[in-house]
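Q: Structure below; questions to follow.
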Amino acid sequence: MLKVSGLVSGYGKTQILNGLDFEVNQGEIVTLIGANGAGKTTTLKAVCGVIAATGGKVEFDGKDLTNAEPYDIVDAGITMIPEGRQLFPHFTVKDNLLMGSYKRAARPIMQRKMEEVLHIFPRVKERLSQYAGSLSGGEQQMVAIARGMMADPKLLVFDEPSLGLSPLLVQQMFDIIRDIAKHGVTVLLVEQNVFKTLRLANRGYVLENGSIVLAGSGEQLLSDPHVKQAYLGH
């Protein structure tokens, strides 16, 4: 579904990514793991058109999306749940969700998607009339994911969804991502909780200094000596 070939990107004259190759197949949960500064968020931003790729290619469903405008990438079926949630705090929860249906293809099915996401997130349903900024961190994260799903994405990209959440809510967040995948949405995940992420993911890639140094199934990477030492503290 998503094929990234030789991706080079960065900020200004600082190159962060050094020719990444990875792919995400339909129906998979794929994770990128690595230390802070390895290039994980930069990769997601380059794929989603938020920053420019200075080399390489991003293909989605056979279509070249390299350096396409972010709104065209959303129209193609990729939606990102950004780090830090990025909600509209002075809008109600309902209005935040409706903003997710902005893309052309999502508008006619807005009501059906609303029912679907409120079924997955009953807590969000209880908060529809409240301002998004008044919610707890965990509730805001649920609204951010629900808003992303309102766009009816084929691929949902998560950047650090458990950041700042309590351990109980972290587990809930992983359960939600598993449920979303069961609903037929493909997932690309960047997450600091490496153990839980690799247990959830079908496949993973290890990023170090802007390059992929390891790839394998979630189980293979969990048992890899380098991953154990560098990311799991074993």
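Every number in this text was worked out from the coordinates using simple rules, so none of it is lab data. Computed from a prediction, not measured in an experiment: that's the story for all the values here. Quick reminder, even Gly has a Cβ in these numbers, built from the backbone with ideal geometry, and neighbours come from all protein chains shown.
Q: So if I place +1 on the C-beta of Lys and Arg and -1 on the C-beta of Asp and Glu, and nothing else carries charge, what would the dipole magnitude of the chain be about its Cα centre? I want it in debye, nearest 20.
A: The calculated dipole for the chain is roughly 360 debye.
Q: Relative to the longest principal Cα axis of the chain, at what angle does helix 137-150 sit, 0 to 90 degrees, rounded to 10?
A: 90
Q: Follow-up question, since we're still on this one. Among DSSP bridges having both ends in the chain, what percentage is antiparallel? Round to the nearest 5.
A: 60
Q: At 222 nm, what helix-only mean residue ellipticity would the chain give, in deg cm²/dmol to the nearest 500, using -39500 (n - 2.57) for each DSSP H run of four or more?
A: After summing the helix terms and dividing by residue count, I get -10500 deg cm²/dmol.
Q: Among Thr197, Ala151, Gln220, whose Cα sits farthest toward the positive end of the charge dipole of the chain (+1 at Cβ of Lys/Arg, -1 at Cβ of Asp/Glu, about the Cα centre)?
A: Ala151
Q: On a 0 to 90 degree scale, rounded to 10, what angle separates helix 110-120 from the longest Cα axis of the chain?
A: Approximately 70 degrees, to the nearest 10.
Q: Hey, another quick one. When the chain is modelled as a GNM with alpha-carbon springs shorter than 10 Å, which of Leu207, Leu32, Leu128 fluctuates the most?
A: Result for the chain, Cα springs under 10 Å: Leu128 fluctuates most.
Q: Hey, rough spin-label estimate for Tyr102 and Leu168, points 7 angstrom out along Cα→Cβ, what's it come to in nanometres?
A: Once both label points are built, they end up 3.5 nm from each other.
Q: Before anything else, pin down the relative contact order of the chain: Cα pairs under 8 Å, at least 6 apart, normalised by residue count, whole percent.
A: This gives 26 percent for the chain.
Q: Please determine, in degrees from 0 to 90 and to the nearest 10, the orientation of helix 167-182 with respect to the longest principal axis defined by the Cα atoms of the chain, where the helix direction is its Cα long axis.
A: With rounding to tens, the tilt is 90 degrees.
Q: Also, I was wondering about something else. Could you check the spin-label model distance between Gln220 and Asp61? Points 7 Å from the Cα along Cα→Cβ, value in nm.
A: The answer from the label model is 2.9 nm.
Q: Over 18 Å between Cα atoms: which of Lys3/Lys45; Lys40/Lys113; Lys154/Lys182; Lys196/Lys228; Lys113/Lys182 fall into that group?
A: Over 18 Å apart, Cα to Cα: Lys40/Lys113.
Q: Another one. Work out, in µm²/s and without decimals, the Stokes-Einstein translational diffusion coefficient of the chain at 25 °C, 0.890 mPa s, Rh from Kirkwood over C-alpha pairs.
A: The Stokes-Einstein estimate is 136 µm²/s.
Q: Further, regarding this structure: Could you work out how far the C-alpha centroid of the stretch 181-234 sits from that of the stretch 29-84, in angstrom?
A: Taking the Cα centre of the stretch 29-84 as reference, the centre of the stretch 181-234 is 18 Å away.
Q: Would you mind telling me which residue in Lys63, Lys40, Lys13 has the biggest mean-square fluctuation in a Gaussian network model of the chain, where springs connect alpha carbons within a distance under 10 angstrom?
A: Among Lys63, Lys40, Lys13, the largest GNM mean-square fluctuation belongs to Lys13.
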